[in-house]
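Each remark here refers to the structure printed beneath this line.
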Amino acid sequence: MRLINQTCLVTGSSSGIGKAIARKMAMEGANVIINYYSDKTLQKNWLMIWKKFL
């Protein structure tokens, strides 16, 4: 499934299923908007996801 030119909102994306969904959508080309609870956890996950694509 390719999500190029699609924007996705993922809630609870700092860990678990939400994190996995956000990562997969980014891998498929989507613009991903992430919603989170923990700033430190989100920053770490965000950097991990984007290092693979930049």
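At-a-glance table
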| quantity | calculated |
| --- | --- |
| The stretch 10-47: number of residues that are part of a helix (DSSP H, G or I), at pLDDT below 80 and either surrounded by fewer than 20 Cβ atoms within 10 Å (Cβ to Cβ) or not polar (S, T, N, Q) (or both) | 8 |
| Filter result (under 11 Å from residue 49 (Cβ atoms), among the small types (Gly, Ala, Ser) and in contact (Cβ under 8 Å) with a residue 24 or more places away in the chain) within the stretch 1-39 | 13, 22, 26 |
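The values are calculated or read from the model by the stated rules, or taken from the named source; none is laboratory data. Everything numeric here is computed off the predicted structure, so don't read it as measured data. Glycine gets a Cβ as well: all are built from the backbone with ideal geometry, and neighbour counts include every protein chain shown.
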